[in-house]
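Please treat every number below as a calculation from the coordinates, not as lab data. Predicted model, so just to flag it, every value in this text is computed and none were measured. Positions of Cβ are generated from backbone atoms using ideal geometry, with glycine treated the same way; all protein chains shown enter the neighbour counts.
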Amino acid sequence: MTATQRMEFGLFIAPHHPVGENPTLTLERHLDLVETLEALGYDEVWFGEHHSAGWETIASPELMIAAAAERTKRIRLGTGVVSLPYHHPLMVVDRMIQLDHMTRGRAMLGVGPGALSSDAYMMGIDPMTQRPRMNEALDAIMALLNSDEPVNRETDWFTLRDARLQMRPYSSPHFPITVASTFSPSGMVAAGAHGLGVLSLGGSVGRIILNLNDQWRIGEQAAAQHGHTMDRSQWRVVLPFYLAEDRDEAINDVRQGFYDFQHNYVGSVLGRTPQDGEDDIGLLAERDQAMVGTPDDAIRILTNLQQQTGGFGSFTGLFHAWAPEHKLQRSYELFARYVMPHFQGQIKPLLDSERWAIDNRETLFGQIPAAIKQAFADAGETLPPQEDAAKSPTADND
């Protein structure tokens, strides 16, 4: 990255909590966490939408945004993501416009087809229709935002009849919009078709770069076909991380929680049995397939990820509950103190300034003892013992 490029950082709160915790307290703790992240300098937070399976308990990301906005002043707040096939597109865009005004431009719309097939099943939605319906809804949302004329659409699941926005967005031309991209190419195709941002959630633990380059290529091809360009600054790569001062400590902190998550959620709930050591966080960290370790480990992995993908604008951590809460808070702090500034142009100038002072120490500070001695002489005072002055070349020379 050049000195003028600033990577942004956020947290994606799906969330994932082992079944058995008090859901009231988990919601409250997430709102507390947003305040902490803002104080640490994170740029944004995303809230998920899920309705079944017990682990992900936020049903309305818009409600979380509204509550978090009252507690914060700067941090951006996004839907991560609204499952478009579950909602009439006019309702989606109207709710986001209201949040755009209520947050003074801090709201972001993330969209997707719906991640849990159990959600779609309860609503009687055929999984085969989810991605086409997401595209139909997104087309309608963009038409409503970009057109001054009434919008008319007729599909087999929603109708727009002389539809128009009674209130324009607070942001110009509208709030940021991103499309979730996981395993299939549909997210990237939808983002490219409208020139939108991307939330890449496909790079999971054990597959830290899961066809990200191929995904971006698909997005660029779709964008070119529709007269748009893809903007890497609007590409968010989403991966979990956990940091401690010592690598072994970090691995031990999350070993059991990660194993339980892989077997009890990924395995038992989603039906994807961990393969090739995917339940061993120590092995994955050793392979650099998991961002678990020290801040230096995170810097190395992020640097490699930037180089191998060709660059992205934002790194978004994926919230997990693999360690006790106080240790998770410490991990977020370590990331903010030592990793984020490395990718925001803040560390190199400090290192350069320190090196310049060391290399020129004799020129810069060598005359201070003589100047102090002269000051005492001019005042008619006796110079203190040599160790009190001459041995302190940076002493105040007033």
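The rows are residues; the columns are (1) among the charged types (D, E, K, R); (2) touching a residue at least 40 places away in the same chain (Cβ under 8 Å); (3) over 17 Å from residue 317 (Cβ atoms).
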{"site": "28", "(1), (2), (3)": "yes, no, yes"}
{"site": "32", "(1), (2), (3)": "yes, no, no"}
{"site": "35", "(1), (2), (3)": "yes, no, no"}
{"site": "42", "(1), (2), (3)": "no, yes, no"}
{"site": "46", "(1), (2), (3)": "no, yes, no"}
{"site": "57", "(1), (2), (3)": "no, yes, yes"}
{"site": "87", "(1), (2), (3)": "no, yes, yes"}
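Please state which one of 173, 132, 169 is assigned to a loop (DSSP other than H, G, I, E, B), of a type outside the set (Phe, Trp, Tyr) and surrounded by 13 or more Cβ atoms within 10 Å (Cβ to Cβ). Reasoning before the result, please.
Numbers: 173 fails: surrounded by 13 or more Cβ atoms within 10 Å (Cβ to Cβ); 132 fails: assigned to a loop (DSSP other than H, G, I, E, B).
The match here is 169.
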Report task. State whether one or more residues within segment 218-235 are crowded, with 18+ Cβ neighbours inside 10 Å and within 18 Å of the chain's Cα centre (by Cα). Result -> yes
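How many residues are in a loop (DSSP other than H, G, I, E, B) and within 19 Å of residue 260 (Cβ to Cβ) when one looks only at segment 290-300?
Initial filter on segment 290-300 (in a loop (DSSP other than H, G, I, E, B)): 290, 294.
Going one step further and asking which of them are within 19 Å of residue 260 (Cβ to Cβ), we end up with 290.
Residues flagged as in a loop (DSSP other than H, G, I, E, B) and within 19 Å of residue 260 (Cβ to Cβ) within segment 290-300 amount to 1.
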Query raised in the report: So how many residues does segment 301-327 have that are over 18 Å from the mean Cα position of the chain (by Cα) and assigned to a helix (DSSP H, G or I)?
Result: 5
Requested in this report: Could you give me the residue pairs with C-beta distances under 6 Å whose first residue belongs to segment 314-327 and is within 19 Å of residue 44 (Cα to Cα), whose second residue is among the charged types (D, E, K, R) wherever it lies, and which are 6+ apart or on separate chains?
Outcome: 314/8; 314/236; 316/236
Query raised in the report: Under 6 Å by Cβ, and 6 or more places apart or on different chains, what pairs join a residue from segment 339-366 that is under 19 Å from residue 316 (Cα atoms) with one that is assigned to a helix (DSSP H, G or I)?
Result: 339/295; 339/298; 339/299; 341/347; 342/299
Report task. Name the residue, out of 148, 162, that is surrounded by fewer than 19 Cβ atoms within 10 Å (Cβ to Cβ), assigned to a strand (DSSP E or B) and of a type in the set (Asp, Glu). Result -> 162
